[in-house]
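Structure first, then comments.
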Amino acid sequence: MQPIITSLLDTDLYKFTMWQAMLHRHPQTQSTYRFVCRSTPEFPLVDLLDEVRSEIDALCALKFKKDELDYLASLRFMKSDFIDFLRIFQFQRDFIEVKADGSSLHIVANGPQVHVMGFEIFVLSIVNELYFRRFDQASALTEGRRRLGAKIVRLQELAQEARHRHPFELFDFGVRRRFSGPWQREVVQAFASQTAQWFKGTSNVLLARDLNLVPIGTMAHEYLQSYQAHGVRLRDFQIAALEDWVQEYRGDLGIALTDTVGMDAFLADFDMYFAKLFDGLRHDSGDPKEWGEKALAHYAKLRIDANSKRLVFSDGLTLDAALDLYQHFADRIQCGFGIGTQLANDMGLKQLNIVMKLTHANGQPVAKLSDSPGKTLCDDETYLAYLKQVFHVKN
């Protein structure tokens, strides 16, 4: 059987944008990424061990092809030296460990960050697809197509609903939690062909290229978290990360992620300078309406016209939840909605909640203090307490 991953473009755009920034700014950083399953699977994930190892072996045999590099080079924010780096890049099997941990999978990538940061999305896609292969494929696809058709009809109904100041914009963010690679392609193709007025792109670089869509993404938590170990004062790590991003992209890729240490601490650092330079903000934890109101209040305090800015919502969204948020905010600010699991793995089966997060950089722990406590991930309780103290986080 063909490996699950056959192209190194089959990942999220923000992996490349963070990768380039890290290569240019902190190429020497050593890091550790750890796989975690936050939900209870239907069967022990350790049952997948041999298959996961085989898929990782196949991943480590891949290199970027000329047409893939040409596509990346066509994106105006990708620089020629980064493309040259990718030309010779290959994942090193020695940098990732896959073994049994009781009934769970122990997957840890450890090594130079610019050599291991790319593992995350591929590992999650592999585990997800292998897991869902154990269920009845025909019935899952039948139910998946029924639900997909209902979503498309729901979206098409927008044309008959009240007009708002800003349009509804939907993105696919489903690579890491998809039912399978072919299913994600089918879903994205269906939305792109039948709801083009509202469906504006995908985070999957391979699908964006193949289907002539806009690739979507800027930064994830790992980018900001790594700055906790880059030699700046801990209180200033967000400022340093945002400043480096501005210097790297100079106006491109202007959506900032807000919840590495919570929205309140983020806004304390997001002064007039950053608020004017960044196009908008991305929500990934906590109550989305409360978060959006805080963002609007912050722009109002800075006397910035919110209609010139954008809020991107991406935290466990369903289409109905996205439409509800749109009704709430669309007359006051531009909105975008990135839906992952509920687009790419809505098959009537219990979904896995799996992540692979940065836990250490340069030999010290890093963490995020999510606005949703269950999303906080850190191996070191002492460091976590210190981080909370520095940023006055109470939960």
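Structure above, values below:
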| item | result |
| --- | --- |
| Residues that are in contact with a Pro (Cβ under 9 Å, 6 or more places away or on another chain) and buried (at least 17 other Cβ atoms within 10 Å of the Cβ), drawn from segment 30-69 | 31, 55, 59, 62 |
| Residues of segment 154-199 that turn out to be surrounded by fewer than 16 Cβ atoms within 10 Å (Cβ to Cβ), modelled with pLDDT under 95 and either part of a helix (DSSP H, G or I) or not small (Gly, Ala, Ser) (or both), as a count | 11 |
| In segment 307-341, the residues that are acidic (Asp, Glu) and either part of a strand (DSSP E or B) or in contact with a Pro (Cβ under 7 Å, 6 or more places away or on another chain) (or both) | 315 |
| Neighbours by Cβ (under 6 Å, 6+ apart or cross-chain): first from segment 36-50, touching a residue at least 40 places away in the same chain (Cβ under 8 Å); second exposed (fewer than 14 other Cβ atoms within 10 Å of the Cβ) | 44/103; 46/100; 46/103; 49/100 |
| Any hit, segment 309-316, residues being buried (at least 20 other Cβ atoms within 10 Å of the Cβ), of a type in the set (Ser, Thr, Tyr), out of contact with any helix residue (DSSP H, G or I) (no Cβ under 6 Å at 6 or more places or on another chain) and not assigned by TED's automatic domain parsing to the domain that holds residue 372 | yes |
| Residue within segment 144-160 that is closer than 23 Å to residue 332 by Cβ, in contact with a strand residue (DSSP E or B) (Cβ under 9 Å, 6 or more places away or on another chain), free of Cβ contacts under 8 Å to residues at least 60 places away in the same chain and not hydroxyl-bearing (Ser, Thr, Tyr) present | no |
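Residue-wise test of (1) of a type outside the set (Ser, Thr, Tyr); (2) crowded, with 17+ Cβ neighbours inside 10 Å; (3) more than 22 Å from the chain's Cα centre (by Cα).
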| site | (1), (2), (3) |
| --- | --- |
| 76 | yes, no, no |
| 88 | yes, no, yes |
| 100 | yes, no, yes |
| 124 | yes, yes, no |
| 132 | yes, yes, no |
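The values are calculated or read from the model by the stated rules, or taken from the named source; none is laboratory data. Source: prediction; values computed, not measured. Note that each Cβ is placed from the backbone with ideal geometry, even for glycine, and that neighbours are counted across all protein chains shown.
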